[in-house]
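Taken together, the values in this text are just the output of simple stated rules run on the coordinates, not laboratory data. Note that this is a predicted model, so its numbers are computed, not measured. FYI the Cβ positions are ideal-geometry reconstructions off the backbone, even for glycines, and counts take in every protein chain you see.
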Amino acid sequence: MVLFKDKTGLSVQDAFKAKPVLDDSGLPEKDEKGRPIRRVDLDPLSLVALVWLIGRKENPDFSFDDAMNVPAVELDVSLPEADPKD
């Protein structure tokens, strides 16, 4: 995933890491069971880099510009549900 980091400046793990949701005072928001609420905010560049890497797997000639031209409506992005134990 060196190519991903070259394009985004982030590791894949950092780009898609769930971060705590903070309230207006900067404290972590909690769910009804008192667990911190976490959210993954996808940076558009990270998403394009991921599309590029997947596209290259199927077609080695698939360029980063090709990935930039993939309409967002054609992407089916889903993240796994958070483990309630975390």
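Among what's in the stretch 1-22 and is farther than 15 Å from I54 by Cβ and of a type in the set (S, T, N, Q), pick the residue that is surrounded by the most Cβ atoms within 10 Å (Cβ to Cβ).
Of the stretch 1-22, the ones farther than 15 Å from I54 by Cβ are 2, 5-6, 9-11, 13-14, 17-22.
From the residues that got through so far, the ones that are of a type in the set (S, T, N, Q) too are 11, 13.
Numbers: S11: 13, Q13: 8.
Taking the candidates together, the pick is S11.
If you scan the stretch 1-32, which residues turn out to be among the charged types (D, E, K, R), in contact (Cβ under 8 Å) with a residue 12 or more places away in the chain and either part of a helix (DSSP H, G or I) or more than 19 Å from V77 (Cα to Cα) (or both)? Full working, then the answer.
First, pick out the residues of the stretch 1-32 that are among the charged types (D, E, K, R): 5-7, 14, 17, 19, 23-24, 29-32.
Now narrow it down to the ones that are in contact (Cβ under 8 Å) with a residue 12 or more places away in the chain: 7, 17, 19.
Across the stretch 1-32, the qualifying residue is only K7.
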